[in-house]
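Report on one structure; see the data block that follows.
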Amino acid sequence: MPSKIVLLPGDGIGPEVAAATVELLNALALELEFEEHVFGGASIDAHGVALTDETLDACRAAAAVLLAAVGGPKWDTTDPARPRPEQGLLGLRKALGLFANLRPVRPQPSLYDASPLKREIIEGTDMLVVRELTGGIYFGEKTRSDDAASDQCAYTRQEIERIARVGFEAARGRRGRMTSVDKANVLETSRLWRQVVRELHAADYADVELEHALVDSTAMALVTEPSRFDVIVTENMFGDILSDEAATLTGSLGMLPSASLAGSSGTGAPGVFEPVHGSAPDIAGQGIANPLAMFLSAALMLRHGLGLAAEAAAVESAVDAALADGLRTRDLGGAAGTREATRAVLSHL
Ligand code: NAD
Ligand code: IPM
Ligand code: MN
């Protein structure tokens, strides 16, 4: 029986990179069946909400969810009573319990000179950002009046422990190092975070080399000595910010994939696989979006969502080979459009 993939193209460049990714996956001749649903701004336009019950049910019943991006100026509002595209994304993550967001940052040697950073700084960088995705300030109670607003940041021991486990397990399969990033010099949630990670390390993961670091200086170290990081584990908002920063190491935000999982083993709810970038309204509709972050997200879906490790590696190798062969979209300093980039990767698959 074919595996059902729910495809959520979303807004802006979303539909452009989603169509390219379906073309790529179809070329693998796997038993995949795509079911497309409107999501984000497109869903607000069609149904008044960013994520309908019907779409959520379809995601629950799928083998995996492949998502492009949501949002755009059309739906930007500062009025808390109006719907926002991003509510669809947050609602989906929460409803599926996708607490573990994996964002691998593996700069391609052929792209070292496409980054604004010096080649010597990037060389040898290979890190995994493990971002907590269903807690913290994103999901705490919000208040708003004319003159004041607040967003509560809360974490429980259980939430911290389960994401730290994902980080430690990942480090064991890599170079055996984990950096836990927090703001323990100021925030109470960060002090609990640090204590729980420390206790878990002593109890179950003493073989992993653990360091604790503050988020502000980590933001600097990411662009001054990135190669010293192996696994970074951090809370929801710090992970959001640090991963976009880390994208500069790969040459562009258009290169970074992600996997959002309900656990480390692939059991439980289906995963959501999506690029780290957004809907890029500034270049939407021009056919120039870099589809590689979404191709690499599809590779993560094949590996973590469908258990197709060889096919995942084939997609990643084809992306690497196309880049080594000179493929450069606009964001990487070249002239290739989405179609040319897709053809280049297909020719190496
Ligand atoms: P963005 O990631 O959309 O764009 C930032 C910059 O990177 C832009 O200059 C854009 O052109 C460029 N860029 C991003 N992806 C690219 C690609 N694949 N190819 C070439 N260039 C690319 O961030 P933003 O402009 O701050 O946000 C725009 C909208 O996207 C907002 O509504 C935001 O909420 C939303 N957003 C959605 C997601 C998501 O759906 N997962 C993620 C981030 C932002
Ligand atoms: C991301 C995005 C989302 C986030 C937004 C669009 C809600 O920036 O996936 O990184 O902040 O998590
Ligand atoms: Mn983000």
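State whether one or more residues within region 279-286 are within 16 Å of ligand 2 (Cβ to nearest atom) and out of contact with any helix residue (DSSP H, G or I) (no Cβ under 9 Å at 6 or more places or on another chain). Scanning region 279-286, I find at least one residue that is within 16 Å of ligand 2 (Cβ to nearest atom) and out of contact with any helix residue (DSSP H, G or I) (no Cβ under 9 Å at 6 or more places or on another chain), so the answer is yes.
Within region 11-57, the set of residues being more than 21 Å from residue 330 (Cβ to Cβ) and either within 16 Å of ligand 2 (Cβ to nearest atom) or aromatic (Phe, Trp, Tyr) (or both) comprises 34, 39, 40, 41, 42, 43, 44, 49, 50, 51. Within the option set 131, 119, being at pLDDT 95 or above and open to solvent by 40 Å² or more (accessible area, probe 1.4 Å) holds for one residue only, 119. Residues of region 87-98 include none that is open to solvent by 70 Å² or more (accessible area, probe 1.4 Å) and assigned to a loop (DSSP other than H, G, I, E, B). Quick check: anything in region 315-330 more than 15 Å from ligand 1 (Cβ to nearest atom), open to solvent by 60 Å² or more (accessible area, probe 1.4 Å) and without any contact (Cβ under 8 Å) to a residue 12 or more places away in the chain? Checked against the condition, which is being more than 15 Å from ligand 1 (Cβ to nearest atom), open to solvent by 60 Å² or more (accessible area, probe 1.4 Å) and without any contact (Cβ under 8 Å) to a residue 12 or more places away in the chain, region 315-330 yields no hits at all. The numbered conditions (1) within 16 Å of ligand 3 (Cβ to nearest atom); (2) assigned to a loop (DSSP other than H, G, I, E, B); (3) buried (at least 24 other Cβ atoms within 10 Å of the Cβ) are all true for residue 51 except (1).
Filtering 24, 30 for residues that are away from ligand 1 (no atom under 14 Å from the Cβ) and open to solvent by less than 10 Å² (accessible area, probe 1.4 Å) leaves a single hit, 24. The set of residues in region 263-292 that are hydrophobic (A, V, I, L, M, F, W, C), touching a Ser or Thr at 6+ places or on another chain (Cβ under 8 Å) and either under 19 Å from residue 333 (Cα atoms) or open to solvent by less than 10 Å² (accessible area, probe 1.4 Å) (or both) comprises 272, 273, 288, 289, 292.
Only one entry of 216, 240, 230 meets the criterion of being more than 16 Å from ligand 2 (Cβ to nearest atom) and surrounded by 16 or more Cβ atoms within 10 Å (Cβ to Cβ), and that entry is 230. With respect to residue 56, determine if the residue is more than 13 Å from ligand 1 (Cβ to nearest atom) and not assigned by TED's automatic domain parsing to the domain that holds residue 126. Spelling it out, residue 56 is indeed more than 13 Å from ligand 1 (Cβ to nearest atom) and not assigned by TED's automatic domain parsing to the domain that holds residue 126.
Take the conditions (1) surrounded by 14 or more Cβ atoms within 10 Å (Cβ to Cβ); (2) touching a Ser or Thr at 6+ places or on another chain (Cβ under 6 Å); (3) outside any helix (DSSP H, G or I); residue 84 misses just one of them, which is (2). Per the listing 70, 105, the residue uniquely open to solvent by less than 10 Å² (accessible area, probe 1.4 Å), among the hydrophobic types (A, V, I, L, M, F, W, C) and within 16 Å of ligand 3 (Cβ to nearest atom) is 105.
The values are calculated or read from the model by the stated rules, or taken from the named source; none is laboratory data. Being a predicted model, the structure only gives us computed values, none of them experimental. Please note: Cβ atoms are built from the backbone with ideal geometry, for glycine as well, and neighbour counts cover all protein chains shown. Just so you know, the surface numbers come from the protein's heavy atoms only, side chains and all, with ligands and any DNA or RNA stripped out. Shrake-Rupley method; radii C 1.70, N 1.55, O 1.52, S 1.80 Å.
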